[in-house]
Amino acid sequence: MEDEKAYPLLGRIDGPADLKKLSMEEMELLAVELRRKIVETVSKTGGHLAPNLGSVELTMALHYVFNAPDDKIIWDVGHQAYTHKLLTSRRDRFHTIRTHGGISGFPKTEESPFDTFNTGHSSTSISAGLGITTAKGLKGEKSRVICVIGDGSLTAGLAFEGLNQAGHTEKDLIVVLNDNAMSIAPNVGAFSSFVSRKMTGRRFVYFRKELHNFLASIPGVGENILNLVRRSEDSFITFFTPGMLFEAFKFKYVGPINGHRLDQLIETFNNTSHLEGPVLVHVMTTKGKGYGPAEKDPAHYHGVGSFEVSTGSPAKKAKKAPPSYTDVFGETMVDLGKRDKRLFAITAAMPEGTGLNAFEDAYPERFVDVGIAEQHAVTFAAGLATEGYRPVVAIYSTFLQRAYDQIIHDVCLSNLPVVFCIDRGGLVGEDGPTHHGQFDVTFLRSLPNMTFMSPKDENELRHMLYTALKQPGPVAIRYPRGNGQGVPIDKTYKEIPIGKAEFLRPGKDILIIALGSMVAPAMEAALRLEDEGISAGVVNCRFVKPLDRGILEPSREAGRVLVVEENIAQGGLGGAVLELLSEMQVQDVQVKRLGLPDRFIEHGPGDLLRELCGLDAPGIVKEARDFCRRNEER
């Protein structure tokens, strides 16, 4: 009832079928309501604001013309699917988006039959869509498959691999390029839009097909005339439109279309819905459309925390928080860049998210944003390293997974001095399972020549970066999302001895070996255990590889070791400790591993998720207490 009063049109939409009942005037008013609903909700929950505001009319037109979920709509990356969720029976739950137990901020097949494919990382839609349409063809199904991909996602090689295969197989597939920033070519405007829409109309397509059949039937000269017609038509289309690239992939190109004109969008999708073979519809949209602050600064409002709707300013916090690890990393890079002219910074479409925007401003000639192309970023860094530069590749943990072969083959194999600064290591919160950095310790520590470290606080992060740049081979530094510990920052840098752990406190009953973000809760747990009469030592492991063999003696003294890490338990730091004890034939030490469970972790506040996984001080206390008691009872 509340939605029906505040949002009279949206309150009537329980599914796409209700959308099809609206007049064009009502559709325009609904677009306004949808934007207001998205702004109002994201201001409270945080989320991807600007990309969702830019795709309102596009989403409405797709659901108006096509018949989801029989027709499959795939949202590449998925951070532009809020309108889709509002129109597909999740309006009443939309206020829970990105909250624990609520709906996901990304398409999720377990959540709705309208969500065709789980997305969160970029550039997967075309490959997935081609697989789906191929399967449909084998089953004799005639429904359509539509992939919506943003221009940034086309910088990834996977998207081009999908385009290439789709064009080669000539399967029925509609790719919608939601172009909100990139100009593919200058030949855009009303005329080219008109040409593309009219040349894909049903009557024109039918006429063209009949003419093709007639010419092909003329013996001798028919095929020659037909080839001339084909060349003329292709030249005409590509002369007036920016479609040469996609025509080269054997896609029928349509556009560019004004992505905020519902009438044009609906006409275009109606016309393209009956075309055979692969089709690309180029749609021009404004990121942040309809909300002034987001239109003015779409990069900042791409993903935001809670904010004041009237001003766009972040919601007021009770007290000033310590600087984030990301900010400290960015400031340190600027400082070290001043000292070493060989320092070169690389990011994959995340200069602000990784904190490298300040480095870009200070040293633009030594900074590159490669776009959403993590594989290229790593190999590009390797090339720089062969020429004496010291490249630092700053990428979120979850996105570094995309470049695993390049790390192995192009960096580690040649032992090149590339530094990987891995932001968002561990649980990242409301973005959920597609964005948690829960695997990097496992997939990096096994690599030859790799040095892997993780700081206990923001001050140690500075020293680790300084240390990494002095090493002759590859180094990975992993740090969490969010604010640091609020510790004082040293004015001078210290080189940390490679492979040396930091012994923070002794303990007779149990030794807690903690990594990175788990050191602070481990120290807090040790103090609580002391109050219970349990003597717990704490080690700041610092290095996953090489692992400090100095942990052996205090481990023997305690007889019990609890390894704590914000990474999956399989193959992580706990596994490394067990391997070391086995290698050294240590049999009198019992080891308990406390890490992330063997499943994908849902979305929700980071602190809550760590609590649920037992990776906070009370959880560590419980594991340590139970560990000690089990041994006493034997």
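Residues in region 10-41 that are surrounded by 20 or more Cβ atoms within 10 Å (Cβ to Cβ) and assigned to a loop (DSSP other than H, G, I, E, B): Ile13 only.
Entry remark, region 569-610: residues being within 22 Å of Arg630 (Cα to Cα) and either acidic (Asp, Glu) or touching an Asp or Glu at 6+ places or on another chain (Cβ under 6 Å) (or both) number 3 in total. For region 591-621, the set of residues classified as crowded, with 17+ Cβ neighbours inside 10 Å and either assigned to a helix (DSSP H, G or I) or in the same structural domain as Pro433 (by TED's automatic domain parsing) (or both) consists of Gly606, Leu609, Arg610, Ala617, Gly619, Ile620, Val621, listed by residue number.
In region 333-358, the residue that is surrounded by the fewest Cβ atoms within 10 Å (Cβ to Cβ) out of those that are within 26 Å of the chain's Cα centre (by Cα) and among the small types (Gly, Ala, Ser) is Ala358.
Here Gly120 does not fit the description of being within 15 Å of the chain's Cα centre (by Cα), buried (at least 24 other Cβ atoms within 10 Å of the Cβ) and under 23 Å from Tyr82 (Cα atoms). For the residues Val32, Val39, Val65, Val56, the requirement of being more than 21 Å from Gly290 (Cα to Cα) and assigned by TED's automatic domain parsing to the domain that holds Pro113 singles out Val65.
How many of the residues making up region 58-107 are surrounded by 24 or more Cβ atoms within 10 Å (Cβ to Cβ), more than 22 Å from the chain's Cα centre (by Cα) and modelled with pLDDT under 95? Selection size over region 58-107: 0.
Pairs linking a residue in region 17-31 that is touching a residue at least 40 places away in the same chain (Cβ under 8 Å) to a residue that is part of a loop (DSSP other than H, G, I, E, B), with Cβ atoms under 9 Å and 6 or more positions apart or on different chains, are Leu19/Ile13; Met27/Leu9; Ala31/His260; Ala31/Gly290. Filtered by the rule that a residue be acidic (Asp, Glu) and in a strand (DSSP E or B), region 398-436 gives a lone residue, Asp423.
Filtering region 457-509 down to residues that are in contact with a Cys (Cβ under 6 Å, 6 or more places away or on another chain) and of a type outside the set (Gly, Ala, Ser), which residue is farthest from Gly425 (Cα to Cα)? The extreme case among them is Asp509.
From the list Leu245, Leu280, the lone residue that is within 22 Å of Gly162 (Cβ to Cβ), within 27 Å of the chain's Cα centre (by Cα) and either crowded, with 23+ Cβ neighbours inside 10 Å or not assigned by TED's automatic domain parsing to the domain that holds Asp172 (or both) is Leu280. When we screen Asp431, Asp423, Asp440 for residues that are within 25 Å of His302 (Cβ to Cβ) and at pLDDT below 95, the only hit is Asp431.
The values are calculated or read from the model by the stated rules, or taken from the named source; none is laboratory data. It should be emphasised that the depicted structure is a prediction, and the values quoted were computed from it without experimental measurement. Glycine gets a Cβ as well: all are built from the backbone with ideal geometry, and neighbour counts include every protein chain shown.
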